[in-house]
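Colleague: The structure follows.
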Amino acid sequence: MKTTTGKPAGAMVGAWLMVAASAAFAQTGASPAFDAQDKSDARAIESLARARNCMTCHATDRTLLAPSYRDIAKRYAGKPGAAEELARSIADGSRGKWGSLPMPAGLQLAPGEANRLARWILGMSR
Ligand code: HEC
């Protein structure tokens, strides 16, 4: 049997879906920095959180030493400036907002990482 197909169909469809998804996204205009980008590399951000030791004290769904990311996301859901506030806590540490235990500063984050982590956590309220 002879195959005459040029490009693999799967790759084409995949590429098209990506274009369609970003186009749909651009149309809604709803917090673009939030969803599309960060959802697609949520896995990468999770490994970043691991690499930065965030998961030593935090878990997604359970309270460990620290509040769960979902509880944090729920408390800040819909709050203006939430991403900035959380990014600041992540970079500079936090105390007195959740309990008696403080979160230390100096977790050795590269520029922009606090922001990415904050937006990733906020995305968990849904
Ligand atoms: C040594 C334990 C520990 C580590 C490591 C840690 N946290 Fe925390 N985190 C806490 C505690 C405890 C709190 C609650 C602080 C408070 O009551 O204000 C907290 C609070 C937070 C909050 C909520 C802050 C607010 O303003 O309400 C966020 C977001 C957060 N952590 C993210 C992270 C991220 C991301 C990392 C990794 C870069 C991280 N944490 C690493 C213990 C930790």
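Colleague: At 7 Å along the Cα-to-beta-carbon direction for both Ala77 and Ser100, put a label point, then send me their distance in nm to one decimal.
Modeller: Modelled inter-label distance: 3.1 nm.
Colleague: For Ala110 and Glu84, calculate 0.36 nm times their separation in residues minus their Cα-Cα distance, and state this gained length in nm to one decimal.
Modeller: Length difference between fully extended and current span is 7.8 nm.
No value in this document is a laboratory result; all are computed from the given coordinates. Please read these numbers as outputs of a predicted model, since none were measured by experiment. For neighbour counting, all protein chains shown are included, and Cβ atoms are generated from backbone atoms with ideal geometry for every residue, glycine included.
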